[in-house]
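Structure first, commentary second.
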Amino acid sequence: MNVNEDLMEKGLQKIEWAENWMKILAEIRKRWEKEKPLKGIKITATLHVEAKTATLIKTLVAGGAKVSVAACNPETTQDDVAEALRKYARVYAKRGMSEEEYWESIRRALDIEPDIIIDDGGDTHYLVHAELPELAKDIIGGTEETTTGVKRLFAMQKEGILKYPVVLVNEARMKYLFDNRYGTGESTIFGIMNATNLCLSGKTIVVCGYGWCGRGIAFKAKGMGANVIVCEVDPIRACEAIMDGFHVMRLIDAVKHADFVITATGNIKVVRKEHFLAAKDGCIFANAGHFNVEVWISDLESISIKKRKLRYFGLPYNDYLIEEFTLKNGKKLYLLGKGRLVNLVCGQGHPVEVMDLSFSLQALSVEWLIKNKGKLKKQLYRVPREIDELVAKLKLKTLKVEIDELTEEQKRYLESWKLEI
Ligand code: ADE
């Protein structure tokens, strides 16, 4: 077996494992294999190239689509999965790409002149609008997986430059309530434990941001027995964090106690020079947000006299997962996964069942875009309520859980303003 065959075999096994547990996507695939709703459709999917993503790609192909795949992050590809995925799609992804290689791989994936773009983080929507606008005229629509991508798309819509309809998968309840909260919660904790092999119980963990991702991380960290401090700029969310039982304070105060600082804000320069200087010796920094801008690495570098890499991991990482920074006073600070998404760079991404929900929403949103071709405006769309509820119903079905239904009398009561029954 040559190196590529060996990689492919490993990747196929990972995909098979994920597929076994992605029951909702399996139901969609069964229907699509018969109906072929994506027949003749070309899709560029820019996603984290790992086993759950491969299951989505296989589903799109089963539905009749021709697919090209690019990575939505230079450091999150699992090379064995990328190799295996070549059986089903054109793949332009490799772990550890340079910035140039990263953008070039998205350009190559766009060479198929897609009808649909599936994106995670907004880089492909950005590239089409900023550099390849001629592609947009044939694009039926796009989807967006994550909060950061949604934020960018809203900015594009506000400027009136959006060139095709985009479904905001991230805004579906079956997405953010599960993927952002439980998915990010579990996978972030896993990534940190995998990279460090340290105990979280009894440690002080600072979580920056109390959106759905931050909430998930804070609760899972608390569940591991850590003392959790939340830092949040929104006063309402800060109150929520207090009522949820967390300490809330400014980051500059929190870092003095922190063993770990985890960012999940979607913003830039959240942890910067003043915070590194105030942090205690041995503090470990990790980012759970989409881009590597939350922990401001150049500030950390500027106050360090020495930097070295620690803890090399083989497949699927093939890299060092920790960087050690020594400051002038001898204090050592650590950064996980180069400040990129710690759950994917140091872990394996969200748990399989969680991605089953998110990618089922993706698949059904793609089908909805195709069904509504020519009827949609160049604007952002929420995932239709029926799709959100269908995914919930399918989830319950796979769990063999039955729920009650409203009686006709209860429905009438809910719609009535009068007191008599
Ligand atoms: N696996 C595939 N896509 C992912 C995402 N956006 N977040 C976490 N894990 C993933």
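Throughout, read-outs are computed from the coordinates displayed, never taken from laboratory work. This is a predicted model, so every value here is computed, not measured. Cβ placement follows ideal geometry from the backbone for every residue including glycine, while neighbour counts extend to all protein chains displayed.
Local charge for GLY122 was computed over the other residues whose Cβ lies under 15 Å away, with Lys and Arg +1 and Asp and Glu -1, and equals -4. In the chain, taking the dipole from charged Cβ atoms about the Cα centre, the farthest positive-side position among ILE161, ALA278, THR53 is held by ALA278. Computed over the chain with a Gaussian network model linking Cα atoms closer than 10 Å, the most mobile of GLY314, GLY347, GLY149 is GLY314.
Here the dipole of the chain is about 260 debye; that uses its Cα centre as origin and unit charges on the Cβ of Lys and Arg (positive) and Asp and Glu (negative). Toward the positive end of the charge dipole of the chain, with +1 on the Cβ of Lys and Arg and -1 on the Cβ of Asp and Glu, the farthest Cα among ASN4, ALA18, TYR381 is that of TYR381.
Of LYS332, LYS52, LYS220, the residue with the greatest mean-square motion in the GNM of the chain, using alpha carbon springs below 10 Å, is LYS332. When only alpha carbons are used to place a centre, segment 78-132 and segment 141-170 end up 18 Å from one another. Greater than 22 Å separation of Cα atoms is the criterion. Which listed pairs, LYS175/LYS395; LYS66/LYS400; LYS220/LYS400; LYS14/LYS371, meet it? Among LYS175/LYS395; LYS66/LYS400; LYS220/LYS400; LYS14/LYS371, the Cα-Cα distance tops 22 Å for LYS66/LYS400; LYS220/LYS400; LYS14/LYS371. Helices of the chain meeting both criteria, an alpha-carbon length of 15 angstrom or more along the long axis and an average Kyte-Doolittle score not below -1.0, with helices taken as full DSSP H segments, are 3-21, 51-62, 147-158, 184-196, 212-223, 352-371, 385-398. Going from the residue with the fewest nearby Cβ atoms within 10 Å to the one with the most, GLU50, GLU75, GLU5 rank GLU5, GLU75, GLU50.
When both segment 235-307 and segment 366-411 are represented by their alpha-carbon centers, they are found 38 Å apart. Think of the chain as a dipole: +1 on every Lys or Arg Cβ, -1 on every Asp or Glu Cβ, centred on the Cα centre; then among ILE242, LEU38, ALA221, ILE242 lies furthest on the positive end.
Anisotropy class assigned to segment 239-306 is oblate, per the alpha carbon gyration tensor with a/c at or over the 1.5 cut-off and a/b no larger than b/c. Summing Cβ point charges (Lys, Arg +1; Asp, Glu -1) relative to the Cα centre of segment 42-194 gives a dipole of roughly 480 debye.
Checking the a/c ratio against 1.5 first, then a/b against b/c, what shape does the Cα gyration tensor give for segment 264-419? Since a/c reaches 1.5 and a/b is larger than b/c, the shape of segment 264-419 is classed as prolate.
Classified by the C-alpha gyration tensor, segment 1-139 has an oblate form. Its axis ratio a/c, with a ≥ b ≥ c, is 1.5 or above, and a/b does not exceed b/c. Each Lys and Arg contributes +1 and each Asp and Glu -1, all at the Cβ; summed about the Cα centre of segment 258-321, the dipole is approximately 200 debye. Rg/Rh for segment 333-413 (Cα atoms only, Rh after Kirkwood) is 1.16.
Would you mind counting up the charge near LYS411? Only other residues with Cβ under 14 Å from its Cβ, with Lys and Arg at +1 and Asp and Glu at -1. If you can, show how the numbers build up before the last one.
Working: positive: ARG412; negative: ASP404, GLU405, GLU408, GLU409, GLU415.
Computed value for this residue: -4.
Using only the C-alpha atoms, the convex hull of the chain corresponds to 176 Å³ per residue.
Taking LYS307, LYS328, LYS36 as the candidate residues, the one with maximal mean-square fluctuation in a Gaussian network model of the chain, Cα springs under 10 Å, is LYS328. Globularity index of segment 85-175 is 1.10 (Cα radius of gyration / 2.2 N^0.38 Å, N = number of residues). Modelled this way, with points 7 Å down the Cα-to-C-beta line, the labels at LYS94 and LYS151 are 3.1 nm from one another. Taking other residues whose beta carbon is less than 11 angstrom from the beta carbon of ARG272, and scoring Lys, Arg as +1 and Asp, Glu as -1, yields -1.
Could you tell me the convex hull volume per residue, in Å³, taken over the Cα atoms of segment 35-78?
49
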